[in-house]
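Just so it is clear, none of the values below were taken in a lab; they were calculated from the coordinates. Everything numeric here is computed off the predicted structure, so don't read it as measured data. Methodologically, a virtual Cβ is constructed for each residue, glycine included, from the backbone with ideal geometry; neighbour enumeration extends over all protein chains shown.
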């Protein structure tokens, strides 16, 4: 598989504190990758480096073989979208208008744009909220609304796009968590999206993700498929918790 995002020797410090150290990663097209680790491990900071919210002290990030910093913002917006952990709006927009914000700077007709907004409202089970005012929505409804927005943003990518997400299921109920993760898995497998997401639930990461990257104290402690990467010793070492391991018929590892 083609490497879409390549990180080499990445180091980041903030306020005199070392946050990330010697990060080397290859993130490939068509894979759903989870960033895992305890609180303070550097997961969100790594995602912010990929989204250019943080500038590394040392090291490089390339996107499709070109330095990430060399991409124009308009071109990059068509190829890469970011869903932060918290997305806020101060105005009482209708839900459908929040999703439609993802159309810019896209060049679609009004009819095409409306159809695209409707498609993602339906896929994320929020079509019934299309005329609701944003401040009146629950945290989980807002989270799905912003996911719809960034998926609209990627509609005109010239190649299978990149989607970066920071805890996209944190405000969702159990059923919606699985629906969203199932959708992300589908986008990776069927449309070759490159998806990188901060997650906290190890079992959900093992169930839905193709690759895991486990961070500990700002370093990569382990990476690989769920079957090859995740085990009781790693969890004990990184999270300071010794789980028991279970299996389902598919032999996907489960922990509690």
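Summary table below
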quantity	calculated
Calculated Rg and Dmax of region 131-173 using C-alpha coordinates, Å	12.3, 36
Exposure proxy ranking, count of Cβ atoms within 10 Å, fewest first, for 146, 200, 86	86, 200, 146
Of all DSSP beta bridges in the chain, antiparallel share, percent nearest 5	60
222 nm mean residue ellipticity, helices alone, for the chain (DSSP H n ≥ 4; -39,500 (n - 2.57); rounded to 500)	-10000 deg cm²/dmol
Rh (Kirkwood; distinct C-alpha pairs) - region 105-158, Å	11.7
Packing-based exposure ordering (other Cβ within 10 Å, fewest first) of 93, 63	93, 63
Relative intensity, log₁₀ I(q)/I(0), of the chain from a Debye sum that treats every alpha carbon as a point, q = 0.08 Å⁻¹	-0.32
Solution diffusion estimate, µm²/s, Stokes-Einstein, region 147-256, Kirkwood Rh from C-alpha pairs, 4 °C, viscosity 1.567 mPa s	85
Dimensionless Rg over Rh [region 184-224; C-alpha; Kirkwood]	1.00
Translational diffusion of region 1-152, µm² s⁻¹ [Kirkwood Rh, Cα pairs; Stokes-Einstein; 25 °C; 0.890 mPa s]	141
D (Stokes-Einstein, µm²/s), Kirkwood Cα radius, region 91-207, 1.002 mPa s at 20 °C	146
Cα centroid of region 204-229 to Cα centroid of region 91-127, whole Å	33
